[in-house]
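All remarks here apply to the structure that follows.
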């Protein structure tokens, strides 16, 4: 049986670094068994490289116009053809990857911070639980896409307003996930030990509860990036998101839809890009869910 001093050291020291490293190493070992997740991870890495080095990978600038080369079919010089302004579609997709990833990551960060704060508040302080959850129920009663459209229409078009609209519509999901994960962790013995030793609420929440609730939050973040990318593309498609000439994939689809019959390649490129990015995050999220689920350890 542990002495009071040993209990104090356990409660204050947290999880050793090497244990956390071994935990991530075990997650990676299990993830490697999922071939679809590895393929999706490779596709995601390629898109990340596009976003990091567009000037190196793209043969042309995203807004380089030349009216003498309009509607060129896909060829070696123009891998995905050119649009109605003579712009290289492949180059615009490469530059657009930065916009889509930026929107997805920033939206998830904003949603996680706001929703996570509300979820922790509801889980740890019972007097706020009913109020916060009923407000989240009110938000969830409205479809997320419809709520994002209403917010974006109110704020006006633009990249910043787009991210705010999508982030607000995603807050209820994070609030519920974080609340559920924190409620599960709060019943463990180390939380009782920290309470008995007089640890502050801040220390208990950020030193003990959140680090041990990270698994479902990671999965939710991964899956939500795909949702954010698709929702951002939808808003840009209807003119409430990123505005031309910025090469956002949804806006590219919107600008090319009138040429669907004559020049379908204009829509195939950005459409496949959205599909691959969203599908990659979803498959990786499902793979992480299997890896982090203690009931499925192999």
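Odds and ends about this structure:
- Label point distance in nm, residue 84-residue 203, each placed 7 Å from Cα along Cα→Cβ: 6.5 nm
- Using alpha-carbon coordinates, inclination of helix 159-185 to the longest axis of the chain, degrees: 30 degrees
- Dividing the convex hull volume of the alpha carbon atoms of the range 20-111 by its residue count gives 143 Å³ per residue.
- Exposure proxy order (Cβ contacts within 10 Å, fewest to most) of 182, 75, 234: 75, 234, 182
- Cα pair count fraction exceeding 35 Å, expressed as % - the chain: 32 percent
- Relative to the longest principal axis of the Cα atoms of the chain, the long axis of helix 89-124 lies at roughly 20 degrees.
- The range 107-219: C-alpha gyration tensor shape, a/c 1.5 cut-off, then a/b vs b/c: prolate
- In terms of its C-alpha gyration tensor, the range 137-179 comes out oblate, because a/c is 1.5 or above while a/b does not outweigh b/c.
- Debye intensity ratio in log₁₀ form over the Cα atoms of the range 44-185, taken at each q of 0.09, 0.15 Å⁻¹: -0.44, -0.83
- The ranking of 159, 231, 136 by Cβ neighbour count inside 10 Å, starting from the fewest, reads 159, 136, 231.
- Remark: 201, 227, 286 ranked as 201, 286, 227, counting other beta-carbon atoms within 10 Å and listing the fewest first.
- Whole-number percent relative contact order across the chain, with pairs defined as alpha carbons under 8 Å at least 6 apart: 24 percent
- Centre separation in Å (Cα based) which lies between the range 236-261 and the range 188-217: 47 Å
- Put simply, the Cα atoms of the range 234-294 extend 51, 24, 15 Å along their principal axes, the longest span coming first.
- Shape class of the range 169-298 from the Cα gyration tensor (axes a ≥ b ≥ c, square roots of the eigenvalues): prolate, since a/c reaches 1.5 or more and a/b is larger than b/c.
- C-alpha long axis of helix 17-31 to longest principal axis of the chain, angle in °: 50 degrees
None of the figures in this text is laboratory data; all of them are computed from the coordinates on show. What you see is a predicted model; the values in this text were computed from it and never measured. Heads up, the Cβs are rebuilt from the backbone with ideal geometry, glycines too, and the neighbour counts pull from every protein chain shown.
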